[in-house]
Amino acid sequence: MRLPHINPQHIVTFFFVAKETSFSLASEKLCITQSAVTQQIRALELQFRIKLINVRRKRVYLTKAGEHLMHLAEQFLSQTIIIEDYLKSYTFNNLNVGIARSLTRYLTGIIETFRDLHPSVRVTVREAPSKVLAKELLDFRHDICLVGTLMQPSEKLKIFRIPHVEKLVFVAGSGCPLVAGQTAEWKDLARYPLILQSEGSLGRKTVLECFKSRGLEPIIGTETDNVEWAKDLVCQGKGIALMFLPNVKEELERGTLKILPIADSEVTYDIDILLNREMPQTPVMEAFLTVIRERFNYIIIQG
């Protein structure tokens with residue numbers, strides 16, 4: 001398909017001049033000056049070297065070429081309105097949300113609450129590492145992203161931070177020797193293989209920094225972004241893992257996983273809500289943020 005060289009606004013202006021049979025009435029409909037209307041019609045005629053309109057006694061008369069163009073202009077305007085309605089409908093009826101994999105189970109209730117309140121809105125959820133979602137948001141692939149705390153985020157992101165949402169806990173299988181003790185030291189944890197998320201995950205970054213700040217280098221066992229597989233590996237005694245507490249509650253209740261209490265610190269999890277500063281905030285996005293505000297009671301604006 002070749003690229004058109006015509007100015008679409010000239011066609012819209014021509015349509016209203018022809019329909020109203022008046023430059024002044026067309027200017028009122030279009031909310032522009034009469035001289036601007038005249039200039040656009042003249043530019044259209046000069047571009048294609050064709051006479052479209054005659055004016056006699058301040059009344060507009062179409063030439064044969066103008067009459068035929070009038071029908072085409074009406075079709076063009078109708079198609080433009082269809083496109084406009086589609087875009088408006090999409091904006092008001094679709095919400096694309098990115099959620100960090102470790103947060104999916106914890107935030108499912110928010111998604112379901114929003115769906116109950118707004119059943120006509122189609123909600124699409126993508127799970128991925130936090131850094132991946134932030135990059136995709138900048139590429140306009142999501143409307144909102146819910147991730148772990150971002151380090152050195154892009155200035156193009158608007159961030160709402162919910163601090164200390166929930167604890168991260170070290171878990172081990174019921175047969176792990178560390179389970180027998182009352183508390184575990186970081187140096188003890190460093191002797192066991194870690195089940196970690198892949199590169200780019202903020203959960204991975206958090207746990208590695210905990211060890212690094214204490215001058216320790218942990219043993220990295222398996223890397224996976226699949227929370228269920230990670231839990232299975234821990235249950236099998238293949239290693240230990242730092243996990244978001246809501247993701248392991250069922251296993252803790254069944255006794256297949258055990259929390260390893262840490263002697264000198266508690267690791268908590270913040271949630272960052274990301275918006276693209278270049279993307280207009282739609283009513284659907286506002287409604288989703290309202291559900292989040294009501295769930296957590298407050299939001300601290302990061303920037």
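Every number in this text was worked out from the coordinates using simple rules, so none of it is lab data. These numbers come from a predicted model, not from an experiment. Because the Cβ atoms are built from the backbone with ideal geometry, glycine has one as well, and the counts that use them run over all protein chains shown.
What to note about this one:
- Distance between the C-alpha centres of segment 39-66 and segment 125-152: 52 Å, rounded to the whole angstrom.
- Start at zero, step by 10 Å, and the Cα-Cα distances of the chain spread as 5, 21, 20, 15, 12, 9, 8, 7, 3, 0, 0 percent across the bins.
- Most tightly packed first, judged by the mean number of other beta-carbon atoms within 10 Å of their residues, the peptides 191-199, 129-137, 279-287, 105-113 read 129-137, 191-199, 105-113, 279-287.
- Percent of alpha-carbon pairs separated by more than 18 Å within segment 1-65: 31
- Least to most buried among MET243, MET70, MET151, MET1 (fewest other Cβ within 10 Å first): MET1, MET151, MET70, MET243
- Gain upon complete extension [LYS156, ARG191; 0.36 nm per residue less C-alpha separation]: 8.5 nm
- For LYS212, no aspartates and glutamates have a Cα falling under 12 Å of its own Cα, not counting residues fewer than eight places away in the same chain.
- A simple spin-label model places the labels of LEU77 and THR282 2.8 nm from each other, with each point 7 Å out along Cα-to-Cβ.
- Mean projection area, nm², convex hull over Cα of segment 159-231: 6.2
- Prolate/oblate/rounded label for segment 103-170 (Cα gyration tensor, a/c 1.5): oblate
- Counting beta carbons within 10 Å around each of THR91, THR290 and listing the fewest first gives the order THR290, THR91.
- Shape category assigned to segment 46-120 from the gyration tensor of Cα positions, a/c cut at 1.5: prolate
- Partner lysines for LYS51 [C-alpha distance under 16 Å; skip if fewer than 8 residues away on the same chain]: LYS64
- Electrostatic dipole magnitude of segment 165-268 [Cβ: Lys, Arg +1; Asp, Glu -1; Cα centre; debye, to 20]: 200
- Distance violations [Cα-Cα > 24 Å] among LYS19/LYS58; LYS156/LYS231; LYS167/LYS258: LYS156/LYS231
- Note that segment 98-110 has calculated 3J(HN,Hα) couplings of x, 10, 4, 4, 5, 9, 4, 5, 5, 9, 4, x, 5 Hz, one per residue in order, obtained from phi through the Karplus relation 6.51 cos²θ - 1.76 cosθ + 1.60 (θ = phi - 60°); glycine and proline are x.
- Each of SER35, ILE53, ILE11 was scored by the projection of its Cα onto the charge dipole of segment 8-62, and the greatest displacement toward the positive side belongs to ILE53; charges sit on the C-beta of Lys, Arg, Asp and Glu.
- For LYS158, a cut-off of 20 angstrom between C-alpha atoms picks up these lysines, skipping any fewer than 8 places away in its own chain: LYS131, LYS135.
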